[in-house]
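The values are calculated or read from the model by the stated rules, or taken from the named source; none is laboratory data. As the structure is a prediction and not an experimental result, all values here were calculated from the model. Cβ atoms come from the backbone with ideal geometry, glycine included; neighbour counts cover every protein chain shown.
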Amino acid sequence: MSPASTVPDLLHLHLISDSTGETLESVAKASLARFEGAQAVKHFWPMVRSEGHLDRVIEEIAKKPGLVIYTLVDGAVRDRLESRCATLGLPMVSPLDPTISAMSELLGQAATRRPGRQHVMDQAYFRRVDAINYTMVHDDGALTSREELEEADIVLLGVSRTSKTPTSIYLANRGYKTANIPLVPQSPPPPHVWTIEGPLLVGLTTAPDRLQSIRRNRLLSLGQTPDTDYVNADRIEAEVAFARRLFADHDVPVIDVTRRSIEETAAAIINLHQARAERIAIAAGEP
């Protein structure tokens, strides 16, 4: 039998966690992205904290065998899972083990054995909640007075359909209060936008032909005719040029989102924000 013939038509991934399973979801998603055309079904088994619960999960896994990926803190539950998987001949992996082991050695202390500690409602948690609330009410040019904008960490600017809103929401989930303002040649933003001192201003731009395609698809999805000025090539060229002039005139850093995912755009913005914070700290004489 050739190696290719042993590859399953469908891969079952069983994600077993004593917490929400978000970490395993990220690991599975990132890993699957490395295999083109892979057909996989993810089965989520969160909040598994007792041997009885685990036994019920194992019964279900045995019906659809596949790779078991787990994060379990309780030693007895973990040992039972590993024993049952070995008996059933199921491959298994605990993706956090190598990182935790390395950190433990470098820090000279044992890791805690309390599940879900990354989800405790600490100061960072409430900061994310505040950031999400702020971002939702400051979307698409809403509440853009100087006082409102000075509360932001980041202000995104760009013409329509340059991913301002989804990028803002992603940044909010990372704890950054983010406002976004559309740039329209016929109705430029108020002058104080360019003179606010607290937030980082970032301009988003994209290739005009790509923008035209996105706008056209947007109108079609809404059941509207795409034969409007909104998707006119000359008008889009003028809008993009208008935005770029504003960014250049006010020394606003620009990110081209043409070939970037939301995550990549957000990562670039966070890097800009951190670099700016470091420059401000150095200027203030902080260590």
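Restricting attention to region 174-196, which residues are of a type in the set (D, E, K, R) and either at pLDDT below 95 or more than 16 Å from R276 (Cβ to Cβ) (or both)?
Initially, region 174-196 is screened for residues of a type in the set (D, E, K, R), giving 174, 177.
Once the filter is applied, which keeps residues that are of a type in the set (D, E, K, R) and either at pLDDT below 95 or more than 16 Å from R276 (Cβ to Cβ) (or both), region 174-196 yields only R174.
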Just to verify a result, which residue in region 235-287, among those that are charged (D, E, K, R) and within 23 Å of the chain's Cα centre (by Cα), is nearest to T205 (Cα to Cα)?
D256
Quick check on my filter: what residues within region 69-89 are within 23 Å of T20 (Cβ to Cβ) and either in a helix (DSSP H, G or I) or touching a Pro at 6+ places or on another chain (Cβ under 7 Å) (or both)?
I69, V73, G75, A76, V77, R78, D79, R80, L81, E82, R84, C85
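Do we have any residue at all in region 190-203 that's of a type in the set (D, E, K, R) and buried (at least 23 other Cβ atoms within 10 Å of the Cβ)? Steps first, answer last, please.
Looking only at region 190-203, we keep the residues that are of a type in the set (D, E, K, R), and these are 197.
Subsequent filtering for residues that are buried (at least 23 other Cβ atoms within 10 Å of the Cβ) retains none.
No, region 190-203 contains no residue that is of a type in the set (D, E, K, R) and buried (at least 23 other Cβ atoms within 10 Å of the Cβ).
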Let me spell it out: the conditions are (1) touching a residue at least 12 places away in the same chain (Cβ under 8 Å); (2) closer than 20 Å to I169 by Cβ; (3) not hydroxyl-bearing (S, T, Y), and L219 meets all of them except one. Which number is the exception?
(2)
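Among E51, E60, E25, which is within 16 Å of P91 (Cα to Cα) and assigned by TED's automatic domain parsing to the domain that holds P91? Steps first, answer last, please.
Values: E51 fails: within 16 Å of P91 (Cα to Cα); E25 fails: within 16 Å of P91 (Cα to Cα).
On inspection, the qualifying residue turns out to be E60.
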If you go through E263, E237, E278, E286, the only one that is loosely packed, with under 14 Cβ neighbours inside 10 Å and touching a residue at least 12 places away in the same chain (Cβ under 8 Å) is E263
Restricting to region 197-234, and then to whatever is of a type in the set (A, V, I, L, M) and over 30 Å from H273 (Cα atoms), can you tell me which residue is farthest from the chain's Cα centre (by Cα)?
A233
Among I58, I100, which is more than 27 Å from R174 (Cβ to Cβ), assigned to a helix (DSSP H, G or I) and either in contact with a helix residue (DSSP H, G or I) (Cβ under 6 Å, 6 or more places away or on another chain) or modelled with pLDDT under 95 (or both)?
I58
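Matching residues to (1) under 29 Å from V129 (Cβ atoms); (2) of a type in the set (K, R):
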| site | (1), (2) |
| --- | --- |
| A172 | yes, no |
| A179 | yes, no |
| P185 | no, no |
| G203 | yes, no |
| R279 | yes, yes |
Looking only at residues in region 162-176 that are surrounded by 22 or more Cβ atoms within 10 Å (Cβ to Cβ) and not polar (S, T, N, Q), which one is nearest to R244 (Cα to Cα)?
K164
Just to be sure before I move on: is D251 within 30 Å of A124 (Cβ to Cβ) and either free of Cβ contacts under 8 Å to residues at least 60 places away in the same chain or not in a loop (DSSP other than H, G, I, E, B) (or both) in the structure I sent?
no
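Please find, among A124, A179, the residue that is out of contact with any Cys (no Cβ under 6 Å at 6 or more places or on another chain), outside any helix (DSSP H, G or I) and in contact (Cβ under 8 Å) with a residue 12 or more places away in the chain. I'd like the intermediate steps shown before the answer.
Numbers: A124 fails: outside any helix (DSSP H, G or I).
On inspection, the qualifying residue turns out to be A179.
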